[in-house]
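Only one structure is covered here, and it is reproduced in the block below.
Any read-out appearing in this document is the output of simple, stated calculations on the displayed coordinates, not a laboratory observation. Only a predicted model underlies this, so the values are computations on that prediction, with no experimental measurement involved. Cβ coordinates were reconstructed from backbone atoms using ideal geometry, including for glycine residues, and neighbour counts include every protein chain displayed.
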Amino acid sequence: MVKYKLLSLFLLSSIFSHDVYSKDVLILDVRTDQEWSNGYIEGATHQPVSKIDDNFQKLFPNKDQKIILYCARGGRAGQAKEILSKLGYTNLENGGGILDVSKKFNLAIVKD
């Protein structure tokens, strides 16, 4: 019985982890430039929450694209989610903090 539960958990985590590697998923770091320079999630795009505006729509015109937002602990990711929702984006997830996203999706935190 334990083997089947572990296998089910493994399969579920594989499915969810795979989704993040899809080209259709945007991982968006909404922290400051200084925070970004201290490390970020591999494959993430950086756009501080204070700079999300109408130009974002030009860079990422697909408003149905899956966007996983993160910051230090989740507060600014929530703010960014509200802003993007008002701009018409429909598939948004507040991933929480950088450590949460790293752990949940098994992604490394990298530094330049």
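Residue-normalised convex hull volume from the C-alpha trace of segment 34-91: 88 Å³ per residue.
Please compute the net charge surrounding Lys103, taking Lys and Arg as +1 and Asp and Glu as -1 over other residues with Cβ under 14 Å from its Cβ. Net local charge, Lys103 excluded: 0.
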